[in-house]
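S.K.: My questions all concern the structure below.
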Amino acid sequence: MAKNGVFSRLRRLEKSEDTDEFSACIDSHEVHVLAVDDSLVDRKVIERLLKITACKVTAVDSGRSALQFLGLDEEETSVGFHGLKVDLIITDYCMPGMTGYELLKKIKGSSTFREIPVVIMSSENVLARIDRCLEEGAEDFIVKPVKLSDVKRLKNYMFGEGRVQRQERGFNKRKLQETCDVSPSPSPPSSPSPDDTLSSPSSPSSSLPFSPRSSRQSIPP
Amino acid sequence: MEVDQLQRSFLEYSRLLFHEGFLDGQFSQLQLLQDESNPDFVLEVVSLFFEDSERLLNDLTIALDQQNVDFKKLDAHVHQFKGSSSSIGAQRVKNVCIAFRNLCDEQNAEGCLRCLQQVKQEYLLVKTKLEALLRLEQQIVAAGGAIPMLNEFC
């Protein structure tokens, strides 16, 4: 699909020269996001927002389900390996049972999963809440309703430095460069990120007007 | 009907709904997520919203019908309704929910009852309008046209 083609080219532009062969090899690995939200409407929206940003999505309706999926649930006797590595967790804050904050603590408290970036979403723009989440290790805090620009900003955590570092622990980068059958393509000097809404993590995101990717006609007012 | 005409009607109607505050920028965000691979996305989300809302309104009615109103539970339902209406851009419904939550905080049962009526009204209004808008959309697509978008409301 054209959309995905454009996206992977953009992704390559974002990476620095020496990780280019690396990125070419993992090009087929789509980022997998675990989305947690008790609202059916919000789950549908976040799922679509993530898919349109070329992510694989698993959407669950509670913190408990999220932990079960990861295999962190104490009651789970079997090794909770569901086959797909999780690259990012995005969770609602206010949920019945386990809150997003409690889920965050459980993930950051796990030696296996603490490296996974966790992003919190909340309809309430409360500074104390934001601070608490960031202090507990959340990567970012998004004020609902979630917009496309918010999700595009997130992809920096998934495709940026952080992800490459995490991958390096699993792959031996040097080994990969040797064994990878890649024809070196001249990579352009690091260009500005196509993402035009980089904002500091603790500030509520604001979306800027941008041209839609669909085949819609934009008719000026 | 010609595609041009349909598209013009669609734009006019959209503009009206935005100007009257029934819809806000979040609705435009949803439209941006619709494309050839997901041509019914907006319809699907809106349908989920309708189902969800009807359930919530029912829960709210029951909660307020109790001898001793559990305001915490009431607030939890309103919070959910506020969330879903905000996520689809149903601005007026969302605003009534905000007022509703304040009344829950105050434990004002009478005020809450009035607010419930108001939120039901706003919900029915936006439901009718969204259904009309989406019907227009379907007509445009059936006539082979592309769905126009109001960039000013993104």
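Each reported figure results from applying straightforward, stated rules to the coordinates on display, with no laboratory input. Just so we're clear, the structure is a prediction, and the values are computed from it rather than from any experiment. Every residue, glycine among them, receives a Cβ derived from its backbone with ideal geometry; neighbour counts consider all protein chains shown.
S.K.: I'd like the mean, over residues of A:141-152, of how many other protein chain beta carbons sit within 10 Å of each residue's own Cβ.
M.R.: Mean inter-chain Cβ contacts per residue within 10 Å come to 3.
S.K.: So for A:SER149, A:SER110, B:SER37, fewest C-beta neighbours within 10 Å to most, what's the order? Each step should come with its number before you reach the end.
M.R.: Details: A:SER149 22, A:SER110 15, B:SER37 11.
Listing A:SER149, A:SER110, B:SER37 from fewest to most nearby Cβ atoms yields B:SER37, A:SER110, A:SER149.
S.K.: Another one. Note the angle between two axes, namely the Cα long axis of helix B:71-88 and the longest principal axis of the Cα atoms of chain B, as a number of degrees from 0 to 90, rounded to the nearest 10.
M.R.: 10 degrees
S.K.: Between B:GLN117 and B:ASP70, what length comes free when the chain is fully extended (0.36 nm per residue of separation minus the Cα-Cα distance, one decimal in nm)?
M.R.: That works out to 15.1 nm of additional length.
S.K.: Also, I was wondering about something else. B:GLN5 to B:ALA99: FRET efficiency via 1/(1 + (r/R0)^6), r the Cβ-Cβ distance, R0 45 Å, to the nearest 0.05?
M.R.: For B:GLN5 and B:ALA99, the calculated efficiency is 0.70.
S.K.: Okay, next question. Output the 0 to 90 degree angle, nearest 10, between the alpha-carbon long axis of helix B:109-142 and the longest principal axis computed from the alpha carbons of chain B.
M.R.: 10 degrees
S.K.: Shielding by partners for B:42-49, please: the mean number of other protein chain Cβ atoms within 10 Å of each residue's Cβ.
M.R.: The mean count of partner-chain Cβ atoms within 10 Å per residue comes to 3.
S.K.: Quantify how strongly other chains surround peptide B:140-150 by giving the mean number of their Cβ atoms within 10 Å of each of its Cβ atoms.
M.R.: Per residue, the average neighbour count from other chains is 2.
S.K.: Quick one: if the Förster radius is 35 Å, what FRET efficiency do B:ASN108 and B:GLU54 give, using the C-beta to C-beta distance and rounding to 0.05?
M.R.: On the way: r = 25 Å, r/R0 = 0.71.
According to the calculation, E is roughly 0.90.
S.K.: Using Cα-Cα distances under 8 Å and only pairs 6 or more residues apart, what relative contact order does segment B:25-154 have, in percent?
M.R.: Once normalised by length, the contact order is 27 percent.
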